[in-house]
Number of protein chains: 2
Amino acid sequence: MTLSTQSVIPLYSQIKESLLRGILQGELRPGEQLPSQRELCEQFGASHMTVRRAIEELVTLGYIKAIPGKGLYVATAELEPETSPLVSFTEDIERRGMHASSRVLDAYKTTASTILAKTLDIHEDTALIYLRRLRLGDGIPMAIQTCYLVHSLCPTLLEYDLASDSLYRILQNDFHLRLNDCSAMIESALASEEEARLLELPIPSPVLITEQITYTDIGRPVEFLNAIYRGDRYRFRLR
Amino acid sequence: MTLSTQSVIPLYSQIKESLLRGILQGELRPGEQLPSQRELCEQFGASHMTVRRAIEELVTLGYIKAIPGKGLYVATAELEPETSPLVSFTEDIERRGMHASSRVLDAYKTTASTILAKTLDIHEDTALIYLRRLRLGDGIPMAIQTCYLVHSLCPTLLEYDLASDSLYRILQNDFHLRLNDCSAMIESALASEEEARLLELPIPSPVLITEQITYTDIGRPVEFLNAIYRGDRYRFRLR
DNA sequence: GAGTGGTCTAGACCACTGG
DNA sequence: CAGTGGTCTAGACCACTCC
């Protein structure tokens, strides 16, 4: 891991991403104890306050448990069947011990409407990528995700295998976008006829709808995402 | 405002509550500029980092906007028709410019079941107050709230006029409970027959259900709350 | 330029845990 | 006791805005 004080990205954010990668890639196992905050300070060459800020964000997101007088522990997935709405679909499904996949319903290049331009803080008619996917966990339909991505940030995205690869992993690893912040809206609705058919739900069925905007570490909007989750499979947890 | 370094309550939390009270009680108007962070440091006799932590939490909750190079501003309500799930019903309704009231459906003293005892971190059979209310905004049914409160923390609560007073204001002002943290769960469902009747909804109708535990500043559980919100009137916003 | 919010450091102290 | 997480200070520097 290379941390840089010269970077535009805040140090605490780099530390957070570094730890998160360790957790998600399985180097740090659930329940395992992390190095103490003092040790992490040395490891990253940062001060206590800076390291704590990174840890605090991971605690808020539910990846780490901090027990005073004892230490830091990687959160155990089994205690949390609920999901933070700000976590990627693939990450969440894999945390639940299932296999994530997608059926691409639609994918093409388009341009930004007035509303989307405002939402993503770009000029009207800027090139966007439209992507609509049915998301599956162990082959069972779980959600429908529709997103608009800024084309210039991931120009060759449509050439990827979007049915099996995680969108966020592609964006992070291949297009070097450090996704960080996120604002989201949650509401409840009845599944439409098409949604019910795709999600294999009876009519009427409740669904959870989220709309979110994902930003890079430096606050640049990357994506507008609308997701429709099966009401019987999803609950969101906040702290 | 009396801040105390000797208190169990962290300084940043006291500063946050102090500023929040100013905003909620209208001393600081929406859109108005707050004193600069340096000035707040002097005012509260705290360091920059401590004041910033208080401000950051208020920014996250949507009460304050921080604009680099310009200053801190009280958030303008009209931009945010959505609600943070961690805000009290009365506060939220009043922020929307409506009048909040309640119809008490049920209110009595009871004891903690095994599950509730675990949830609220108390012994089984500890005295609790059960309170079920229909919550109205300008007379229109908006939500059904069912809560269990630890009796010892608010022993004479049932003597209050729970139809017109804000529960949280009673707890804070009369029982001196500094409510702070909160963990919540959100899910989607269809309104039951009774719920639809109370909320004046057709069948089928989607509703948002939240379950939350409210803690005091020192992390003691005070309340378990289950709320059922009309799907057509509520969306929750997260940051 | 002075003033703003945002990040960061190098120390310090506290309450708590466990041997 | 030494080690842990959590809080706090008094400074510093940066990028930004507005005059």
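Just so it is clear, none of the values below were taken in a lab; they were calculated from the coordinates. Every value quoted in this text rests on a predicted model; they were computed, and no experiment measured them. Cβ sites come from the backbone with ideal geometry, for glycine too, and all protein chains shown count toward neighbours.
When A:236, A:224, B:175 are ordered from fewest to most other Cβ atoms inside 10 Å of their Cβ, what list results?
Details: A:236 24, A:224 20, B:175 14.
Arranged by neighbour count, lowest to highest, A:236, A:224, B:175 become B:175, A:224, A:236.
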Output ordering of B:141-151, A:63-73, B:55-65 (per-residue mean of other Cβ within 10 Å, highest first) is B:141-151, B:55-65, A:63-73
Quick one: pull the percentage of alpha-carbon pairs in the stretch A:128-174 with a separation above 17 Å. 32
Projecting each Cα onto the charge dipole of chain B (Lys/Arg +1, Asp/Glu -1 at the beta carbon, about the Cα centre), which of B:37, B:62, B:234 comes out farthest on the positive side? B:37
Roughly how many nanometres apart are two label points built 7 Å out from the Cα toward the Cβ at residue B:111 and residue A:118? 5.8
Lys pairs in the protein assembly as shown with Cα under 22 Å (8 or more apart in sequence, or on separate chains) total 8
Note down, for the stretch B:168-239, the three equivalent ellipsoid semi-axes (square root of 5 times each alpha carbon gyration tensor eigenvalue), biggest first, whole angstrom. 29, 14, 10
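Would you mind giving the mean number of other chain beta-carbons within 10 Å of the Cβ of each residue in A:190-200, as a whole number?
The shielding value for this peptide is 1.
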Taking loop as defined by DSSP and a crowding limit of 12 other beta carbons within 10 Å, which GluC sites (Glu not before Pro) in the stretch A:167-239 fit? A:200
Evaluate the distance, in nm, between pseudo-label points positioned 7 Å from the Cα of residue B:152 and of residue A:183 along their respective Cα→Cβ axes. 4.3
Given labels modelled 7 Å from the Cα in the Cβ direction, how far is it in nm from residue A:197 to residue B:98? 3.6
Placing the label point 7 Å from Cα along the Cα-to-Cβ direction, what are the distances from residue A:164 to the equivalent spots in the other copies, shortest first, in nm to one decimal? 6.8
In degrees, nearest ten, helix B:48-61 long axis to first principal axis of chain B (Cα): 30
Between the stretch B:12-57 and the stretch A:118-148, what is the separation of their alpha carbon centroids in Å? 39
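Semi-axes of the equivalent ellipsoid of the stretch A:89-230: what are they in whole Å, largest first, if each equals the square root of 5 times a C-alpha gyration tensor eigenvalue?
Details: eigenvalues 122, 64, 41 Å².
Calculated on Cα positions only, the semi-axes equal 25, 18, 14 Å.
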Mind listing the Cα extents of the stretch B:11-78 along all three principal axes, in Å, largest one first? 33, 26, 19
In nm, what does the list of distances from residue B:106 to its counterparts in the other copies look like, shortest first, when each label sits 7 Å along Cα to Cβ? 4.6
In vacuo Debye scattering of chain A, one point per C-alpha: log10 I(q)/I(0) at q = 0.11, 0.14 Å⁻¹? -0.63, -1.00
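As a check on your grasp of the helix formula, calculate [θ] at 222 nm for chain B: sum -39500 (n - 2.57) over DSSP H runs of n ≥ 4, divide by the residue count, round to the nearest 500. It would help to have the intermediate numbers written out before the result.
Numbers: 7 runs with 64 residues, N = 239.
That comes out to -7500 deg cm²/dmol.
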Taking the label point 7 Å from Cα along the Cα-Cβ vector, the copy-to-copy distances for residue B:117, listed from shortest in nm with one decimal, are 6.4
For each of A:182, A:154, count neighbouring Cβ atoms within 10 Å of the residue's Cβ, then give the residues from fewest to most. A:182, A:154
Alpha-carbon Rg/Rh ratio, for the protein assembly as shown, with Rh computed the Kirkwood way: 0.95
